[in-house]
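*Asks:* Sharing a structure below in structure tokens format, with a few things to ask.
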Amino acid sequence: MKNISIIGAGKIGGAIAHLLAETGDYRVTVTDRSAEQLAKLDKHPGIATALVDIADKAALDAHIYGQFAVLSAAPFHLTGAIAESAARSGCHYLDLTEDVATTKKVAALAEGAHTAFIPQCGLAPGFISIVAHDLAQRFETLDSVRMRVGALPQYPSNALNYNLTWSTDGLINEYIEPCEAIVEGRMISVPAMEEREEFSLDGVTYEAFNTSGGLGTLAKTLEGRVRTMNYRTIRYPGHQAIIKALLNDFNLKNRRDVLKDLFENALPATMQDVVVIFVTVCGWREGRYMQETYANKVYAGTVADKKMSAIQITTAAGICAVLDLLAEGALPQSGFVRQEEISLDAFLANRYGQLYQSTAAAIARKRHEYAAA
């Protein structure tokens, strides 16, 4: 049984802890600086809690020393400090960050390390990078890679057509920070919230636009090999226009605290969500210009006897699957490990990776049973 420390007792941290503890293969300790947040965690014999302030370097180092791995489910601006502590304490490190600067910091810490540093283990970046790289490997010459992901309410009921489903800080960060893209073979920076497009999937119309962080390290990996590559967040039509007005016309991009307050007090959270994943790769194979597409919807559901939102399932399953593969020796045991180094087949065959398929299949079965009744 391996000892695991999870930093952050929010909804995602709690979901990760539950999934890991349910197997009996991991002894989990969830750490947070808030006793109130720790008290909200579901009680489980395989989960312990610890009250530790991330800002206290000595306390954090002492807490994670001797752990097999530390998993960061903390807000993006705290993740760097956790990575530094993992480096000092000599344990494996995994995180969920979409923040570009944090990932660069993790990569620097990984140089010469005797343990593995694996950032971006969630949904986007994370699983979508694994999918896109797998599709790209099927071509002799690449032309374009387009990655689209969205965590959406199943039943939108406001002008934004949106409910809060994950970290408000992370949401705001990806709406404001510059985005990486590859244009004509060269990696450039493009503004967030721009280059809106529309597409349909299963009869539903969506919009998508630039947001920060979703490409992960895959952009650097494929630079010079692909003509066009970009990542865009999926929303229902109308969302982008309102957010752009808030950010630009009301100047809330420079008043993140006000924007966060608005979101958290005006947009209700929901457990009834759906994660939409849409990746398209074009290129040449055997002399023909071809396209490969991965499309999937993951719905909220009950996993390991616990009701979880779709974003909880996909994010927690992502980092748990990577941890499993690391523990099995299927991933490098030291240095910086990119998501695109992970085999899609190995990920989906993993007990946690299977959740990307089983929840969607379960919903489909329920709908079929209802229609037949």
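The values are calculated or read from the model by the stated rules, or taken from the named source; none is laboratory data. Keep in mind that what you see is a predicted model, and the values were worked out from it rather than measured. All Cβ positions, glycine included, derive from the backbone under ideal geometry; neighbour counts span all protein chains shown. The area values use the complete protein model at the heavy-atom level, side chains included, leaving out ligands, DNA and RNA. Shrake-Rupley method; radii C 1.70, N 1.55, O 1.52, S 1.80 Å.
Yes/no per residue for (1) touching a Phe, Trp or Tyr at 6+ places or on another chain (Cβ under 8 Å); (2) of a type outside the set (S, T, N, Q); (3) open to solvent by 40 Å² or more (accessible area, probe 1.4 Å):
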| site | (1), (2), (3) |
| --- | --- |
| GLN240 | yes, no, no |
| GLN272 | yes, no, yes |
| VAL279 | yes, yes, no |
| ALA295 | yes, yes, yes |
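*Asks:* Filter the range 44-72 for residues that are closer than 17 Å to ILE4 by Cα, part of a loop (DSSP other than H, G, I, E, B) and not β-branched (Val, Ile, Thr) and give the result. If you could, list the steps in order and put the result at the bottom.
*Replies:* Kept after step one, since they are closer than 17 Å to ILE4 by Cα, are these residues of the range 44-72: 44-52, 54, 59-72.
With part of a loop (DSSP other than H, G, I, E, B) added as a condition, the list becomes 44-46, 52, 54, 65-68.
Scanning the range 44-72 gives HIS44, PRO45, GLY46, TYR65, GLY66, GLN67, PHE68.
*Asks:* What are the residues in the range 148-171 that are more than 17 Å from ALA300 (Cβ to Cβ), open to solvent by less than 10 Å² (accessible area, probe 1.4 Å) and modelled with pLDDT of 95 or more, if any?
*Replies:* ARG148
*Asks:* Starting from the range 320-339, take each residue that is open to solvent by 60 Å² or more (accessible area, probe 1.4 Å) and list its partners that are of a type outside the set (Lys, Arg) and part of a helix (DSSP H, G or I), counting only C-beta distances under 8 angstrom and pairs at least six apart or across chains.
*Replies:* Going by the 8 Å Cβ cut-off, the qualifying pairs are ALA330/ALA346; GLN333/LEU326; ARG338/SER129; ARG338/LEU218; ARG338/THR221.
*Asks:* Name the residue that is surrounded by the fewest Cβ atoms within 10 Å (Cβ to Cβ), counting only residues in the range 14-29 that are of a type outside the set (Ser, Thr, Tyr) and touching a Ser or Thr at 6+ places or on another chain (Cβ under 9 Å). Show your work before the answer.
*Replies:* Step one: list which residues in the range 14-29 are of a type outside the set (Ser, Thr, Tyr), which gives 14-22, 24-25, 27-28.
Going one step further and asking which of them are touching a Ser or Thr at 6+ places or on another chain (Cβ under 9 Å), we end up with 15-17, 28.
Values: ALA15: 26, ILE16: 30, ALA17: 29, VAL28: 22.
Result: VAL28.
*Asks:* If I ask for residues that are assigned to a loop (DSSP other than H, G, I, E, B) and in contact with a strand residue (DSSP E or B) (Cβ under 8 Å, 6 or more places away or on another chain), which ones from the range 194-215 would you list?
*Replies:* Step one: of the range 194-215, the residues assigned to a loop (DSSP other than H, G, I, E, B) are 194-196, 202-203, 211-215.
Result: GLU194, GLU195, ARG196, ASP202, THR211, SER212, GLY213, GLY214, LEU215.
*Asks:* To continue, here is another question. Pick from THR205, THR228, THR233: which is of a type in the set (S, T, N, Q), touching a Lys or Arg at 6+ places or on another chain (Cβ under 9 Å) and open to solvent by 10 Å² or more (accessible area, probe 1.4 Å)? Explain how you work it out, then say what you get.
*Replies:* Details: THR205 fails: touching a Lys or Arg at 6+ places or on another chain (Cβ under 9 Å); THR233 fails: open to solvent by 10 Å² or more (accessible area, probe 1.4 Å).
Exactly one residue qualifies, and that residue is THR228.
*Asks:* Can you tell me which residue within the range 53-73, out of those that are among the hydrophobic types (A, V, I, L, M, F, W, C) and open to solvent by less than 20 Å² (accessible area, probe 1.4 Å), is farthest from LEU94 (Cα to Cα)?
*Replies:* First pass over the range 53-73, keeping only residues among the hydrophobic types (A, V, I, L, M, F, W, C): 54-55, 58-60, 62, 64, 68-71, 73.
When the remaining residues are screened for being open to solvent by less than 20 Å² (accessible area, probe 1.4 Å), the result is 60, 64, 69-71.
On the way: LEU60: 16, ILE64: 13, ALA69: 7, VAL70: 6, LEU71: 5 Å.
Ranking the qualifying residues of the range 53-73, first place goes to LEU60.
*Asks:* Going residue by residue through the range 114-127, is there one that turns out to be part of a helix (DSSP H, G or I), under 15 Å from TYR356 (Cα atoms) and out of contact with any Lys or Arg (no Cβ under 9 Å at 6 or more places or on another chain)? Full working, then the answer.
*Replies:* We begin by selecting, within the range 114-127, every residue part of a helix (DSSP H, G or I); these are 127.
So of that shortlist, the ones also under 15 Å from TYR356 (Cα atoms) come out as 127.
Then drop every residue that is not out of contact with any Lys or Arg (no Cβ under 9 Å at 6 or more places or on another chain), which leaves 127.
Yes, because at least one residue in the range 114-127 is part of a helix (DSSP H, G or I), under 15 Å from TYR356 (Cα atoms) and out of contact with any Lys or Arg (no Cβ under 9 Å at 6 or more places or on another chain).
*Asks:* Okay, next question. Which of the numbered conditions does GLY216 fail, given that it passes all the others? Conditions: (1) farther than 21 Å from ASN161 by Cα; (2) open to solvent by 40 Å² or more (accessible area, probe 1.4 Å).
*Replies:* (2)
*Asks:* Now for a different question. Please work out which residue is modelled with the lowest pLDDT, limiting yourself to the range 352-373 and to residues that are open to solvent by 70 Å² or more (accessible area, probe 1.4 Å) and in contact with a Leu (Cβ under 9 Å, 6 or more places away or on another chain). I'd like the intermediate steps shown before the answer.
*Replies:* Of the residues in the range 352-373, the ones open to solvent by 70 Å² or more (accessible area, probe 1.4 Å) are 354, 357, 365-373.
This time we only want the ones that are in contact with a Leu (Cβ under 9 Å, 6 or more places away or on another chain), so: 354, 357.
Values: GLN354: 95, GLN357: 85.
Among those that are open to solvent by 70 Å² or more (accessible area, probe 1.4 Å) and in contact with a Leu (Cβ under 9 Å, 6 or more places away or on another chain), it is GLN357.
*Asks:* Every residue in the range 1-13 that is open to solvent by 30 Å² or more (accessible area, probe 1.4 Å) and part of a helix (DSSP H, G or I), please.
*Replies:* Hits for the range 1-13 are LYS11, ILE12.
*Asks:* Does ILE176 qualify as being touching a strand residue (DSSP E or B) at 6+ places or on another chain (Cβ under 8 Å) and either open to solvent by less than 50 Å² (accessible area, probe 1.4 Å) or of a type in the set (A, V, I, L, M) (or both)?
*Replies:* Answer is no for this residue.
*Asks:* Which of the residues belonging to the range 97-113 are farther than 26 Å from TRP166 by Cβ and either free of Cβ contacts under 8 Å to residues at least 60 places away in the same chain or open to solvent by 60 Å² or more (accessible area, probe 1.4 Å) (or both)?
*Replies:* Those that are farther than 26 Å from TRP166 by Cβ and either free of Cβ contacts under 8 Å to residues at least 60 places away in the same chain or open to solvent by 60 Å² or more (accessible area, probe 1.4 Å) (or both): ALA108, GLU111, GLY112.
*Asks:* State all residues of the range 155-201 that are of a type in the set (Asp, Glu) and without any contact (Cβ under 8 Å) to a residue 24 or more places away in the chain; if no residue qualifies, say none.
*Replies:* Kept after step one, since they are of a type in the set (Asp, Glu), are these residues of the range 155-201: 169, 174, 177, 180, 184, 194-195, 197-198.
Scanning the range 155-201 gives a single hit, GLU194.
*Asks:* Tell me, yes or no, whether the range 3-20 has at least one residue that is more than 29 Å from ILE176 (Cβ to Cβ) and either more than 24 Å from the chain's Cα centre (by Cα) or of a type in the set (Asp, Glu) (or both). Talk me through it step by step, then tell me what you get.
*Replies:* Going through the range 3-20, the residues more than 29 Å from ILE176 (Cβ to Cβ) turn out to be 3-5, 17-20.
Now narrow it down to the ones that are either more than 24 Å from the chain's Cα centre (by Cα) or of a type in the set (Asp, Glu) (or both): none.
No, there is no match, as no residue in the range 3-20 is more than 29 Å from ILE176 (Cβ to Cβ) and either more than 24 Å from the chain's Cα centre (by Cα) or of a type in the set (Asp, Glu) (or both).
*Asks:* Is it the case that the range 258-265 has a residue that's open to solvent by 20 Å² or more (accessible area, probe 1.4 Å), within 26 Å of GLY301 (Cβ to Cβ) and either more than 22 Å from the chain's Cα centre (by Cα) or of a type in the set (S, T, N, Q) (or both)?
*Replies:* Within the range 258-265, the first condition is being open to solvent by 20 Å² or more (accessible area, probe 1.4 Å), and the residues that meet it are 258, 260-262, 264-265.
Next, only the ones that are within 26 Å of GLY301 (Cβ to Cβ) stay: 264.
Those left that are additionally either more than 22 Å from the chain's Cα centre (by Cα) or of a type in the set (S, T, N, Q) (or both): none.
Checked against the condition, which is being open to solvent by 20 Å² or more (accessible area, probe 1.4 Å), within 26 Å of GLY301 (Cβ to Cβ) and either more than 22 Å from the chain's Cα centre (by Cα) or of a type in the set (S, T, N, Q) (or both), the range 258-265 yields no hits at all.
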